[in-house]
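Below is one structure, written out as structure tokens, with a few remarks after it.
The values are calculated or read from the model by the stated rules, or taken from the named source; none is laboratory data. Keep in mind it's a predicted model, so treat the numbers as computed, not measured. Counting neighbours? That spans all protein chains shown, and the Cβs are built from the backbone with ideal geometry, glycine included.
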Amino acid sequence: MNISHLPKIIINSQAYHNLQNAYLWIFSNQIKEHLDIENGSFVEILSPSKGSLGVGFYNRNSLISVRALMYDSLPDTTFFINRINKAFEYRKKIFPNKKIIRLVFGESDFLPGLIIDKYENYFALQILSAGMQKCINQIVESLIHIFPETNGIIEKNQSYFRQYEGLELYESIIYGKIPDFIPTEEFGIKINISLKEGQKTGYYLDQSLNRLSIRNISQNLKVLDCFTNQGGFALSAAYAGADEVLAIDSSKLALSIAEMNIATNKYTNIKLINADVFDFLKESNEEWDMIILDPPSFTKNKKSIKSAKQGYFILNRSAMRRIRSGGYLVSSSCSQHIDEFTFIELISKAAKDTQKKLRMVHRGMQSPDHPILLSMPETQYLKFFIFQVL
């Protein structure tokens with residue numbers, strides 16, 4: 001479809017170079033002249049020499065002024081069908097039998113600002129850009145076309161990123177029905193997914209393979225799972241034959257779902273505690289063979305990096321003090337603004353402070369259904385390590 005009628009945005013040489021290398025964001029200071037048009041509108045992106053670079057979403061009030069689609073026509077339902085189909089073909093290759101997957105991971109699937117998780121025949125959407133929000137009808141039509149067995153689609157639009165785009169926070173069922181719980185399984189463990197009440201898009205799928213990585217090590221161990229949420233790591237440790245697992249979270253709602261998951265699997269070696277993890281580790285005198293740290297993000301922007309670093313340091317130091325010699329520290333960070341080098345440095349500092357020696361035995365990252373687009377460092381965020389504490 002011809003795009004010559006669209007409003008034009010002329011970008012500078014740096015943005016042009018970035019776009020040529022598949023960096024999809026164009027920042028406000030990289031645009032020659034801003035336009036007085038509705039946020040989320042389609043624009044044609046022009047190079048410094050005014051050559052066409054395809055279509056993007058425009059938002060004058062956002063630091064990310066344009067999100068490029070790497071497409072030279074006006075996107076319609078067929079565009080979304082093709083892009084989502086390509087994303088699904090990749091997921092089927094890496095996880096041929098997995099029934100719960102991240103189907104679309106935004107920029108990494110060249111659908112900037114769109115997250116889609118698939119749980120059996122239900123879908124959870126998270127939309128992070130004003131332009132993608134305007135395409136919600138085409139997105140829903142595409143999902144139903146590709147997956148005619150779809151029973152329900154829910155928008156889980158509670159992310160703070162939406163505020164940068166001037167979008168309201170809300171949740172809404174936009175197709176079919178969503179049950180209170182979706183029974184499914186992940187690598188042999190039965191789980192009940194709550195899309196209505198669960199955080200983010202329902203379940204932390206980015207930790208899928210990392211949950212697998214603790215199984216061999218946790219057998220016959222006394223395990224403490226901090227920030228357990230719906231019981232993810234605790235369930236894996238119990239499945240592997242841990243002697244006992246204590247799972248902690250500050251959310252009573254999350255723990256109620258974890259309790260349901262424990263009962264569904266008939267595990268008798270998991271106990272749940274509703275508590276603040278920092279307070280618990282500070283006050284407890286118990287020791288464990290393995291402590292798992294999977295906290296929520298400590299920083300949402302660069303302004304809070306200093307306090308986030310302090311938080312990770314205190315948390316890991318407190319955990320190391322409660323791990324028996326020869327035991328294991330499992331430590332993770334989903335804060336995109338804390339890079340891997342910084343995270344390891346903080347853990348090393350905590351080890352020195354507690355006079356512990358660490359031996360790295362496993363290094364993980366986000367699950368491959370959350371692929372990393374190398375041209376966009378922002379798509380890489382999850383750090384995951386298993387250390388033996390000596």
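Criterion first (surrounded by 22 or more Cβ atoms within 10 Å (Cβ to Cβ), at negative phi and not assigned by TED's automatic domain parsing to the domain that holds Asn61) does Pro112 satisfy it?
Spelling it out, Pro112 is indeed surrounded by 22 or more Cβ atoms within 10 Å (Cβ to Cβ), at negative phi and not assigned by TED's automatic domain parsing to the domain that holds Asn61.
The number of residues in the range 257-277 that are under 13 Å from Ser236 (Cα atoms), assigned to a helix (DSSP H, G or I) and either among the polar types (S, T, N, Q) or touching a Phe, Trp or Tyr at 6+ places or on another chain (Cβ under 8 Å) (or both) comes to 2. Note on the range 160-246: enclosed strands (runs of 3 or more DSSP E) holding 3 or more residues that are buried (at least 22 other Cβ atoms within 10 Å of the Cβ) are 222-226. Taking the range 151-199 as the range and being in contact with a strand residue (DSSP E or B) (Cβ under 6 Å, 6 or more places away or on another chain), under 19 Å from Val140 (Cβ atoms) and either outside the structural domain of Ile100 (by TED's automatic domain parsing) or of a type in the set (A, V, I, L, M, F, W, C) (or both) as the test, the residues that pass are Ile153, Ile154, Ile173, Ile174, Ile178, Ile182, Leu195. Kindly indicate the residue of the range 351-390 that is more than 15 Å from the chain's Cα centre (by Cα) and part of a loop (DSSP other than H, G, I, E, B) and also surrounded by the fewest Cβ atoms within 10 Å (Cβ to Cβ) among those meeting that condition. Among those residues, the one meeting the criterion is Gln355.
Inside the range 278-315, residues that are in a helix (DSSP H, G or I) and of a type in the set (Phe, Trp, Tyr) make up a count of 4. Screening the range 291-310 for residues that are modelled with pLDDT of 95 or more and in contact with a Ser or Thr (Cβ under 6 Å, 6 or more places away or on another chain) and picking the one that is farthest from Ser335 (Cα to Cα) gives Leu293.
With closer than 19 Å to Leu382 by Cα, among the hydroxyl-bearing types (Ser, Thr, Tyr) and either buried (at least 16 other Cβ atoms within 10 Å of the Cβ) or assigned by TED's automatic domain parsing to the domain that holds Asn220 (or both) as the only criterion, which of Ser348, Ser325, Ser318 stands out? Reasoning before the result, please.
On the way: Ser325 fails: closer than 19 Å to Leu382 by Cα; Ser318 fails: closer than 19 Å to Leu382 by Cα.
Ser348 is the lone residue from the list that is closer than 19 Å to Leu382 by Cα, among the hydroxyl-bearing types (Ser, Thr, Tyr) and either buried (at least 16 other Cβ atoms within 10 Å of the Cβ) or assigned by TED's automatic domain parsing to the domain that holds Asn220 (or both).
Taken over the range 333-386, the criterion of being among the aromatic types (Phe, Trp, Tyr) and closer than 21 Å to Phe227 by Cβ is satisfied by Phe343, Tyr381, Phe384, Phe385. Checked against (1) among the small types (Gly, Ala, Ser); (2) crowded, with 18+ Cβ neighbours inside 10 Å; (3) assigned to a strand (DSSP E or B), Gly54 meets all criteria but (2). Inspect the range 264-274 for any residue being of a type in the set (S, T, N, Q), touching an Asp or Glu at 6+ places or on another chain (Cβ under 9 Å) and either more than 28 Å from Phe95 (Cα to Cα) or touching a residue at least 12 places away in the same chain (Cβ under 8 Å) (or both) and give the result as yes or no. Within the range 264-274 (the criterion being of a type in the set (S, T, N, Q), touching an Asp or Glu at 6+ places or on another chain (Cβ under 9 Å) and either more than 28 Å from Phe95 (Cα to Cα) or touching a residue at least 12 places away in the same chain (Cβ under 8 Å) (or both)), the answer is yes, since at least one residue qualifies.
When we screen Ser297, Ser256 for residues that are surrounded by fewer than 16 Cβ atoms within 10 Å (Cβ to Cβ), polar (S, T, N, Q) and in contact with a Cys (Cβ under 8 Å, 6 or more places away or on another chain), the only hit is Ser297.
For Asn21, the conditions (1) within 19 Å of Thr379 (Cβ to Cβ); (2) more than 25 Å from the chain's Cα centre (by Cα) are fulfilled apart from (2). Only one of these conditions is not met by His17: (1) surrounded by 14 or more Cβ atoms within 10 Å (Cβ to Cβ); (2) at pLDDT 95 or above; (3) not assigned by TED's automatic domain parsing to the domain that holds Leu128. Which number is it? His17 satisfies every listed condition except (1).
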